[in-house]
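Down below is the structure, laid out as structure tokens.
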Amino acid sequence: MLIIKDKKIFSDDGTFLRVIDCPRGVSGSDLTQTSDHEFHCDKCEKQIVATDFLTEDSIVELITDKPETCLKVSRFDPLFRFEP
């Protein structure tokens with residue numbers, strides 16, 4: 001299970017993976033869905049990947065191999081645990 005705490009993603013062993021931060025303050029209304037797990041951001045023109053359809057290993061691989069990739073993480077995604 002991946003952990004999100006203080007806008008940071010950690011692996012279940014506590015390894016820091018990345019910061020969640022959008023400098024443009026994008027919201028869901030700024031996204032246009034292009035496939036079942038991808039969106040286009042109207043503010044920055046980047047591709048956004050929804051984590052809902054990925055495995056935990058796929059998310060870690062994506063974060064590691066392409067750290068510039070934007071993610072759309074749902075609070076209801078069972079792969080994530082949100083901590084205060």
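For the stretch 20-59, filtering for residues that are farther than 14 Å from PHE80 by Cα, of a type in the set (Val, Ile, Thr) and touching a residue at least 12 places away in the same chain (Cβ under 8 Å) leaves 4. Filtering the stretch 60-84 to residues that are closer than 12 Å to MET1 by Cα, part of a loop (DSSP other than H, G, I, E, B) and in contact with a helix residue (DSSP H, G or I) (Cβ under 8 Å, 6 or more places away or on another chain) leaves ASP77, LEU79. The set of residues in the stretch 1-47 being modelled with pLDDT under 90 and on the phi > 0 side of the Ramachandran plot consists of GLY25 alone. Among the candidates ASP36, ASP57, the residue that is part of a helix (DSSP H, G or I), among the charged types (D, E, K, R) and loosely packed, with under 15 Cβ neighbours inside 10 Å is uniquely ASP57. The numbered conditions (1) over 21 Å from GLU56 (Cβ atoms); (2) out of contact with any Gly (no Cβ under 9 Å at 6 or more places or on another chain) are all true for ASP36 except (1). Counting just the residues of the stretch 39-54 that are part of a loop (DSSP other than H, G, I, E, B) and of a type outside the set (Lys, Arg), which one comes out nearest to PHE16 (Cα to Cα)? Once the filter is applied, the top-ranked residue is LEU54. Just for the stretch 18-53: of the residues that are of a type outside the set (Val, Ile, Thr) and touching a helix residue (DSSP H, G or I) at 6+ places or on another chain (Cβ under 7 Å), which one is nearest to ASP6 (Cα to Cα)? Top of the filtered list is ARG18. Filter the stretch 60-84 down to residues that are more than 16 Å from GLU38 (Cβ to Cβ) and basic (Lys, Arg) and give me whichever is surrounded by the most Cβ atoms within 10 Å (Cβ to Cβ). Among residues in the stretch 60-84 that are more than 16 Å from GLU38 (Cβ to Cβ) and basic (Lys, Arg), the one surrounded by the most Cβ atoms within 10 Å (Cβ to Cβ) is ARG81.
The values are calculated or read from the model by the stated rules, or taken from the named source; none is laboratory data. Since this is a predicted model, take the numbers as computed values, not measurements. So basically every Cβ, Gly included, is an ideal-geometry build from the backbone, and we count neighbours across all protein chains shown.
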